[in-house]
Amino acid sequence: MRNAPLGRVALAAKGLRCQLGSGSSSFSLEVASLDLRAGEVLVILGPNGAGKSTLLRALAGLERSVDRNAVQHGPGPVTLVFQRPATFSGSVLFNVRAALLGRRLPEVERRDRIARALDRFDIAHLADHNARTLSGGEIRRLALARAFVLEPAVLLLDEPFDDLDAEGQRQLSLDLQLAIAETDVAVAMVTHDLRRALLLADRIAVLMRGELVQHGLRDEVLLRPDTPEIARTVGMTNLVTGHVVRRTNEICWIEISEGFEIPTTADLEIGCNAWVGIRPEHLKLDIGRGGGQPIGKANVESLVSDGLATVVRLRSRDQTFTTHLLSGRGLARRLRPGDVVSLAVEPDNVHARPIDSEGV
Amino acid sequence: MSGVDLDLIAEITLRTLWVCGSALVAALAIGIPIGIALGGRGFAGRGLVVSSVNAGMGAPPVVVGLGCYILFSRSGLFGGVGLIYSQSGMIIAQTLIAVPLVIGITLAAVGALDEEWDLQVRTLGIGRGWRLWLLLREIRMGLLAAVIAALGGILSEVGASQMVGGNLAGETRVLTTAIMMETRMGNFESALGLAAVLIGLTFLVAGMLTAVQQSGRIR
């Protein structure tokens, strides 16, 4: 994620409609407005079947049912790296060189571009290898090198970290981050990996059932999702409902069960029903060191660690909550299933919206 | 033919190569584009077309020959063109035998590529001509298999050549029809000589193509 000012619009979609199939198996995608800016990464999130890959194809001009005028882009190539990149028979070098077939470039520039692309994704040492013998991670690097050799203005990435192990994902996302920063390319990326998405995203778009339901700056979408469904998609896993019982100064208190009240800075009317969303990293286990308003007690149900973070599942009556602790330190080492802990939150970090038609 | 007339065998062999070679070139020119189109696109009725191609791959040459005979004979639809008992007529009949083989094998080779291969090449912004070059390069092993199958099919067929060509000496006599004639006449020595040439030709062509295929696989 970068803090630079917004770049120029590299690709703009307006009134984009895409129809796939017919009858009961048909699928339609509708996007009123979406733009990609130079040097910026837009991450597209959504459940399976929401139309994320279809949107990328539509932006790449590969969907026949999309009106040509619905997607406009500036000078420079627009290219899509598929979820399962195809390789051409022959060497890695041939595969990268093939992307420049038919382009009138001086041989020196052609060689420079190829060498830069191979270096950028750390596959220069594989240049003479048969592309068919590469591992899954190397094929992804080859596909990215093949895309970057075009010096694209817009790069569309469909699940670029799919099937990679944790270290492969980390390395590739670092290389990708560097390549994006150096080339000022506009990127739209579909990924299931929320952690990688959050590392790279400047903006987030959420797709549900073929519709762009929320789109905005990264933190705006992460911290202020419009609906509980979007909240779940962006990793706001602590979702409960309640009603506003009191207001003090700038803070509203939402009772979710007897004696369990959650404070929020959201502007809500007393008595109104509301859904509440708290990101796991914002739900604290109160150990008497301050840091947030205490909201109630809960039992530790389980602790699962991936070596870096420990995911703690908690239960308070019929509500379940999740929080993250740093593995191997402090509470993460001491807590055991069945322990009773106090929960705390900062009212600023509690997202709440009145309930209209949306349930939790 | 008494004994083995080497000049005559050479003449028949050259004619065989000319007729079969021409038919092969025509079959590839017709079959490869159709195979690529059928392999890459889904359209209404594709299943029917593919089934017809598959049926055509197993069509008996003698039946193709009969169809051509009816069309090319004086009272046939193309009776006025003078194709019956001509090398041109034989080339057309052999082309009809080879085209389904070329289409079927090309179609299978294109179908074996990644489902999104064409889209992935298109998104690199590669022009149509170069995309076709890349595709032919990708399916070259399949195309070699198509050449082997088609050439094998037309070099060894006798039914269509006999019916459409009529086995006229110095005109339409090819290796297969000559072998049949010599056998009927009891000239087994000549028949065996001609058969050896035919088998040699088949082995030579298949061997050359296999060598190319193998070298391509190793690269």
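The values are calculated or read from the model by the stated rules, or taken from the named source; none is laboratory data. A quick note: this is a predicted structure, and the numbers were derived from the prediction, not measured. Using ideal geometry, Cβ is built from the backbone for each residue, glycine included, and neighbour counts are taken over all protein chains shown.
Quick rundown of the values:
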{"read-out": "Residues of the stretch B:114-138 that turn out to be more than 7 Å from chain A (Cβ to nearest Cβ), among the aliphatic types (A, V, I, L, M) and crowded, with 18+ Cβ neighbours inside 10 Å, as a count", "value": "2"}
{"read-out": "Which listed residue, of B:G58, B:G76, B:G45, is at pLDDT below 90 and at positive phi", "value": "B:G45"}
{"read-out": "Number of the condition not met by A:D35 [criteria: (1) closer than 28 Å to A:A179 by Cβ; (2) more than 21 Å from the chain's Cα centre (by Cα)]", "value": "(2)"}
{"read-out": "Residue in the stretch A:100-108 that is outside any loop (DSSP other than H, G, I, E, B), aliphatic (A, V, I, L, M), more than 11 Å from every other protein chain (Cβ to nearest Cβ) and more than 32 Å from the chain's Cα centre (by Cα) present", "value": "yes"}
{"read-out": "Strands (runs of 3 or more DSSP E) wholly inside the stretch A:18-99 that include at least 2 residues being within 14 Å of chain B (Cβ to nearest Cβ) and in contact with a Ser or Thr (Cβ under 9 Å, 6 or more places away or on another chain)", "value": "A:78-81"}
{"read-out": "Sole residue being in the same structural domain as A:L199 (by TED's automatic domain parsing), in contact with an Asp or Glu (Cβ under 6 Å, 6 or more places away or on another chain), surrounded by 14 or more Cβ atoms within 10 Å (Cβ to Cβ) and of a type in the set (S, T, Y), chosen from A:S53, A:S28", "value": "A:S53"}
{"read-out": "Elements of type strands (runs of 3 or more DSSP E) contained in the stretch A:142-245, each with 2 or more residues being among the β-branched types (V, I, T)", "value": "A:186-190, A:203-208"}
{"read-out": "Some residue of the stretch A:327-334 being in the same structural domain as A:E269 (by TED's automatic domain parsing), among the hydroxyl-bearing types (S, T, Y), in a strand (DSSP E or B) and without any contact (Cβ under 8 Å) to a residue 60 or more places away in the chain", "value": "no"}
{"read-out": "Residue list for the stretch A:307-354, restricted to those being under 19 Å from A:P228 (Cβ atoms), at pLDDT below 90 and either β-branched (V, I, T) or surrounded by 15 or more Cβ atoms within 10 Å (Cβ to Cβ) (or both)", "value": "A:S316, A:Q319"}
{"read-out": "Filter result for B:G80 (surrounded by fewer than 17 Cβ atoms within 10 Å (Cβ to Cβ) and either within 14 Å of another protein chain (Cβ to nearest Cβ) or under 21 Å from A:P85 (Cβ atoms) (or both))", "value": "no"}
{"read-out": "Hits in the stretch B:62-80 - residues which are hydrophobic (A, V, I, L, M, F, W, C) and assigned to a helix (DSSP H, G or I)", "value": "B:V62, B:V63, B:V64, B:L66, B:C68, B:I70, B:L71, B:F72"}
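Conditions tested, residue by residue: (1) surrounded by 16 or more Cβ atoms within 10 Å (Cβ to Cβ); (2) out of contact with any Phe, Trp or Tyr (no Cβ under 9 Å at 6 or more places or on another chain); (3) closer than 25 Å to A:R209 by Cβ.
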{"site": "A:S65", "(1), (2), (3)": "no, yes, yes"}
{"site": "A:P85", "(1), (2), (3)": "yes, yes, no"}
{"site": "A:L100", "(1), (2), (3)": "yes, yes, no"}
{"site": "A:I114", "(1), (2), (3)": "yes, yes, no"}
{"site": "A:R120", "(1), (2), (3)": "yes, no, no"}
